[in-house]
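Input: a single structure, listed below in structure tokens.
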Amino acid sequence: MISAPKPKPRASAVQAQGRCTCEAVRFEIDAPAVWAWHDHGDTSRRATGGAYATYVGSWRSRFRWLEGEEHLIRYEDPVARTTRSFCGRCGTPVLYERARSPKMVNIPRGLFTSRTGREPRYHMNLGERADWTWAGEPLGPLKGYPGVMIERARRRPRTLTPDDIL
């Protein structure tokens with residue numbers, strides 16, 4: 001008789017759970033997470049399809065699969081020495097691992113269903129930030145579309161005419 005593998009013990013009384021879009025892949029980390037950050041790098045932007053990716057870092061020893069690890073598809077970048085894992089059913093990015101930090105796993109913040117104990121306070125790869133990324137310009141409501149905000153038009157400096165000077 002083959003016995004099922006014993007689950008990893010929980011190192012914390014609090015866990016944060018996450019899942020992919022189709023919910024086939026589920027996991028948890030012991031909270032609080034080690035850190036959280038926004039990655040403005042080109043590869044993270046392309047891997048997630050957003051202006052930047054927000055990740056939560058956890059010690060590998062404090063990370064557990066709850067369900068669906070067999071659904072993962074991995075992409076290894078030999079130049080960057082990184083591995084990105086995606087759900088093979090729905091395509092959700094699930095893990096980002098770096099060879100230089102083998103004891104850490106990085107998980108997109110949006111996959112968590114609860115707080116992780118860390119807020120993203122760090123920004124990485126700002127030099128690679130996309131020129132179309134919103135940078136905090138003032139916003140106002142778009143008339144006729146509740147919940148939609150629009151960047152306010154920038155005022156052009158007024159050009160003085162000869163009549164203004166006289």
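Bear in mind these aren't lab numbers, they're just calculated from the coordinates by the rules spelled out. Every value quoted in this text rests on a predicted model; they were computed, and no experiment measured them. As a convention, Cβ positions derive from the backbone with ideal geometry for all residues, glycine included, and neighbour counts pool all protein chains shown.
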| message | Given the DSSP H assignment, sum -39500 (n - 2.57) over each helix run of at least 4 residues in the chain and divide by its residue total; what's the result at 222 nm in deg cm²/dmol, nearest 500? | response | -1500 deg cm²/dmol
| Looking only at Cα atoms, what is the convex hull volume of the stretch 48-90 per residue, in Å³? | 120 Å³
| field | Förster-model FRET efficiency, 41 Å R0, ALA153 and ARG89, C-beta, rounded to 0.05 | value | 0.40
| request: Could you run the Karplus curve 6.51 cos²θ - 1.76 cosθ + 1.60 with θ = phi - 60° over the stretch 66-83 and give me ³J(HN,Hα) per residue in whole Hz, x for Gly and Pro? | output: 9, 6, x, 4, 5, 7, 6, 10, 10, 10, 9, 9, x, 6, 7, 6, 10, 10
| field | Spacing of the two label points (7 Å from each Cα toward its C-beta) at ILE73 and LYS103, in nm | value | 3.4 nm
| remark: Dipole check, the chain, charges on Cβ (K,R +1; D,E -1), about Cα centroid: among LEU95, HIS40, ILE29 the Cα furthest to the positive pole belongs to ILE29
| Toward the positive end of the charge dipole of the stretch 15-130, about the Cα centre and with charges on Cβ (Lys, Arg +1; Asp, Glu -1), which of VAL79, GLY68, HIS123 goes farthest? | HIS123
| Which order, highest average first, do 121-132, 140-151 follow once you tally other Cβ atoms within 10 Å for each residue and take the mean per peptide? | 121-132, 140-151
| For TYR122 and CYS22, what is the calculated FRET efficiency with R₀ set at 30 Å and r taken between the beta-carbons, to the nearest 0.05? | 0.50
| query | When the scattering of the stretch 97-136 is computed by the Debye formula from its Cα atoms alone, each counted once and equally, what is log10 I(q)/I(0) at q = 0.22, 0.28, 0.34 Å⁻¹? | reply | -1.05, -1.09, -1.12
| message | Quick check on the stretch 14-102: what does the Kirkwood estimate of hydrodynamic radius come out to from the alpha carbon pairs, in Å? | response | 13.7 Å
| Alpha-carbon Rg with Dmax, taken over the chain, Å | 21.8, 100
| query | Say each of ASP131 and ALA13 gets a label point 7 Å from the Cα, pointing the same way as Cα to Cβ; how far apart are those two points in nm? | reply | 5.4 nm
| task | Treat every Asp and Glu Cβ in the stretch 15-130 as -1 and every Lys and Arg Cβ as +1, leave all other atoms uncharged, and give the resulting dipole magnitude about the Cα centre to the nearest 20 debye. | result | 240 debye
